[in-house]
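**Student:** I have a structure I would like to understand better, so I am pasting it below and will then ask my questions one at a time.
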Amino acid sequence: MTSMGTTMKVMLVLAVIGVVLLQQLSMLGTSFNSNINNIRNLAFALVSSKPITQRLDHAHFLPLTNNNKLHQVKVIVDYAPISLGKYAYMKVYGPNRTLLKISSSQHGVNTIAPGKAEFATTISDSTIKQVSVYIMFTDSLRNANYSNPISINLNLGQTLQPPTPESHLLTH
């Protein structure tokens, strides 16, 4: 019985190390469409018995229409299972990897439809032309990660909407 308990502890430690490594990879990613991002977006948070999976639905980094000195970073993700997606955060980094903003809600995820969460923040430094965005579902204290990470690099004026499987089939 002792060897079974030791085996479970080793597996848990390895799972935690794997999640940490996946998070580090997401911070180092340079292109949303790169192979490393595709692998990362298929990953699960192994520390949770029911991991949340998320995928990019929409992202943009655009000037606000009423004020050209302010820029909006907005990301919409699809996630499942819906019942577990209660808390999440979005970190926005500048081109030199300086943390610019952390966006999260003390009341939980801003859902715009079942299984669809929206994250948005305003960048007031008009000299910033590139940002890296990192999104993770977490617990209410933001101590444990419950999803695969999403990491996106955006240039000012850029909008991303990944092709749906249906549109991919139509183009071939």
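**Student:** Cα to Cα, under 12 Å, and not fewer than 8 places away if on the same chain: which aspartates and glutamates meet these conditions relative to K69?
**Tutor:** Output for K69: D125.
**Student:** Please list, ordered by chain and number, the residues whose modelled amide H lies under 5 Å from the amide H of L100; skip anything fewer than 5 residues away on the same chain.
**Tutor:** The list, which skips near neighbours in sequence, is V92, Y93, G94.
**Student:** Under a straight-distance cross-link criterion of Cα-Cα below 21 Å, which lysines are reachable from K86, leaving out those fewer than 8 residues away in the same chain?
**Tutor:** Partners within reach: K50, K74, K101, K116.
**Student:** Now for a separate question. May I ask for the net charge around L160, where only other residues with Cβ less than 11 Å from the Cβ of L160 are counted and Lys, Arg are +1 while Asp, Glu are -1?
**Tutor:** Working: positive: K74; negative: D57.
Result for the local shell: 0.
Each value in this text was obtained by applying a stated rule to the coordinates, not by laboratory testing. Being a predicted model, the structure only gives us computed values, none of them experimental. For neighbour counting, all protein chains shown are included, and Cβ atoms are generated from backbone atoms with ideal geometry for every residue, glycine included.
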